[in-house]
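Participant: Submitted below is the structure of interest, expressed as structure tokens.
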Amino acid sequence: MDPAIWLMIRVTRIPLSLPALAAALVLAAVPVAAPAQTPSTGSGQAFPSRPVKIVVPTSPGGATDAFSRALAPRLSEAWGQAVLVENRPGANQILGADHVSKSAPDGATLLVSDASSFVINPHLYKKLPYDGVNGFTPITVLVRFPWVIAVHASVPANTFQELVAYAKTNPGKLSYGSFGLGSSAHISVDYLKNLLGIDILHVPYKGAGPAVTDLLSGQIQIMMVTPLLVEPHARAGKLRLVAAATPQRIPALPNLPTVAESGVPGYEAGTWFALVGPAGIPREIVARIYGDTMKVLDDPAFRERYVTKQWFEVVGNTPEQFADFLKSEYARWDRLIRLSRVTVE
């Protein structure tokens, strides 16, 4: 029965004052709000209806892994479901990225990766088992971060110019570590090698963590990497920072010159971490994941501990902006890879 008619029947039985009767009639005319809808997985179940997995395509201990493990428990709290981080390193992040690209598009399997998975590997591998740009649902670029050039304390160089001079007079004596064959660090350093005409040996690792371990032991002598993993060791005297690979000096390291300032005008290197899922995730689920992720990134306590102190910068672009960004980065890395002359097949 219509609520207004029901109310009229009731007021004929219960005496009401005129003001009370008027108020009751007004309330009866107000529509009742429908309950808020929870995003559906496409199977009729609310998202998330089961634990969510964030795949990290690198080894434990690196920057990608550390940030993902900071993000996961906060998303778990927002969603009321466990959010687990699973490391799937190997083949320059291809194993982990491929696993996610072939997962069900219900939002329960996500990927946090740097640029390699999306815009670098497609230019390096002719038989890549997934599509770097179209094989994923863009959610957001989480953060971008700077790189610095760190050297082992045994290297007789206090500046970038001294490092280049030493490398030129000792060809093949120095080695540098990267996150993997064909990784963004590999391409960026080999591009720099070609610009400067120096000969240093490349040693690929399955992630930044193992490479930094060997850098500290002197097994390799040079690394281009986030300050997060090397700056504390530089303060302890185990490593030395000789340059920043950023367009401008890093605010927290104002006395560290950039590579561009040190004789290579226009040079810059660095990367970003992005959150994606398999292609085909429903828009309402993408919006839920993006919105809750932004709440985490915008939280002042989270920013202080896991962004500012980790040398990151929040990006947080929308899924639509991220899709456009992927296309521009795809073209940029195509050019850099050709100039670096890096090949993996």
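The values are calculated or read from the model by the stated rules, or taken from the named source; none is laboratory data. No experiment lies behind these values; they were computed from the predicted model shown. Note that we place each Cβ from the backbone using ideal geometry, even for glycine, and neighbour counts take in every protein chain shown. These accessible areas exclude ligands, DNA and RNA; they are computed on the full protein's heavy atoms, side chains included. Shrake-Rupley method; radii C 1.70, N 1.55, O 1.52, S 1.80 Å.
Participant: So how far, in whole Å, is the C-alpha centre of segment 283-306 from the one of segment 183-236?
Facilitator: Computed from Cα coordinates, the inter-centre distance equals 31 Å.
Participant: Counting only helical runs of four or more DSSP H residues, what would the 222 nm mean residue ellipticity of the chain come to if each run contributes -39,500 (n - 2.57) and the total is spread over all its residues?
Facilitator: Using -39500 (n - 2.57) per qualifying helix, the result is -11500 deg cm²/dmol.
Participant: Quick one: length gained pulling Q219 to R283 fully straight, 0.36 nm per residue minus the C-alpha distance? All intermediate terms of the calculation are to be shown ahead of the outcome.
Facilitator: Working: separation 64, 0.36 × 64 = 23.04 nm, distance 4.79 nm.
So the extension gain works out to 18.3 nm.
Participant: Over the Cα atoms of the chain, Rg to Rh with Kirkwood Rh, two decimal places?
Facilitator: Values: Rg = 26.5 Å, Rh = 22.4 Å.
On the Cα set of the chain, Rg over Rh gives 1.18.
Participant: Would you pull out the residues with amide H under 5 Å of S175's amide H, same chain only if 5 or more places away, H placed 1.01 Å from N?
Facilitator: For S175, the qualifying residues are L201, Q221, I222.
Participant: Can you pull the percent of segment 244-345's accessible area that's carbon plus sulfur, 1.4 Å probe, other chains left in place? Don't skip to the answer; put the middle values down first.
Facilitator: On the way: 2730 of 5240 Å².
The computed percentage sits at 52.
Participant: In nanometres, what is the gap between the two model label sites at L84 and D324, each 7 Å from Cα along Cα-to-Cβ?
Facilitator: Each label point is offset 7 Å from its Cα along the Cβ direction, giving 3.9 nm.
Participant: Cβ neighbours within 10 Å, averaged per peptide: list 119-128, 292-301, 171-180 in order, most packed at the top. Walk me through the intermediate numbers first.
Facilitator: Working: 119-128: 18.2, 292-301: 14.4, 171-180: 20.9.
So the order, starting with the most tightly packed, is 171-180, 119-128, 292-301.
Participant: Another one. Could you work out the relative contact order of segment 185-309? I mean the mean sequence separation of Cα pairs under 8 Å and 6+ apart, divided by the number of residues, in percent.
Facilitator: Reported as a whole number, the value is 13 percent.
Participant: Here is a further query. Taking all protein chains in place and a 1.4 Å probe, what share, in percent, of the accessible surface of segment 106-166 do carbon and sulfur account for?
Facilitator: Details: 960 of 1860 Å².
Answer for segment 106-166 is 52 percent, counting heavy atoms of protein chains only.
Participant: For segment 125-274, what size does the Cα cloud have along each of its three principal axes, sorted from largest down, in whole Å?
Facilitator: Sorted from largest, the Cα extents of segment 125-274 read 47, 33, 30 Å.
Participant: What is the packing order of peptides 273-283, 234-244, taking the mean over residues of other C-beta atoms within 10 Å and listing the highest first?
Facilitator: Details: 273-283: 20.6, 234-244: 18.4.
So the order, starting with the most tightly packed, is 273-283, 234-244.
Participant: Report the gain in length on full extension from N158 to T343: 0.36 nm times residue separation, minus Cα-Cα distance, nm rounded to one decimal. Let's see the in-between values first.
Facilitator: Details: separation 185, 0.36 × 185 = 66.60 nm, distance 3.16 nm.
Separation in residues times 0.36 nm, less the Cα-Cα distance, equals 63.4 nm.
Participant: Hey, another quick one. What ranking, highest mean first, results for peptides 50-60, 193-203 when packing means the other Cβ atoms within 10 Å averaged over each residue?
Facilitator: On the way: 50-60: 20.6, 193-203: 16.0.
Output ranking for 50-60, 193-203: 50-60, 193-203.
Participant: A follow-up question, please. Given H placed 1.01 Å from N in the peptide plane, which residues other than close sequence neighbours of E86 have an amide H under 5 Å from its amide H?
Facilitator: Close amide H contacts, sequence-distant or interchain: I54, V55, V56.
Participant: What does the charge dipole of segment 244-343 about its Cα centre add up to, to the nearest 20 debye, if the Cβ of each Lys and Arg holds +1 and the Cβ of each Asp and Glu holds -1?
Facilitator: 260 debye
Participant: Quick one: length gained pulling E304 to S49 fully straight, 0.36 nm per residue minus the C-alpha distance? Working shown, then result.
Facilitator: Working: separation 255, 0.36 × 255 = 91.80 nm, distance 3.14 nm.
That works out to 88.7 nm of additional length.
Participant: Separate question: Could you give the accessible area per residue of the chain, probe 1.4 Å, as a whole number in Å²? Write out the running numbers ahead of the final one.
Facilitator: On the way: 16010 Å² over 345 residues.
Result: 46 Å² of accessible area for each residue.
Participant: Which FRET efficiency, nearest 0.05, do L195 and S76 yield, Cβ-Cβ r, R0 51 Å?
Facilitator: Working: r = 45 Å, r/R0 = 0.89.
Efficiency, rounded to the nearest 0.05: 0.65.
Participant: A further question on this structure: Can you give me the long-range amide H partners of F136? Hydrogens built in the peptide plane at 1.01 Å from N, cutoff under 5 Å, separation of 5 or more residues or another chain.
Facilitator: Here A279 satisfy the definition.
Participant: Further question: From the phi angles alone, apply the Karplus equation (6.51, -1.76, 1.60; θ = phi - 60°) to segment 250-267 and give each ³J(HN,Hα) in whole Hz, x where the residue is Gly or Pro.
Facilitator: Karplus values, whole Hz, x for Gly and Pro: 6, x, 6, 10, x, 8, 9, x, 7, 4, 4, 5, 9, x, 10, x, x, 6.
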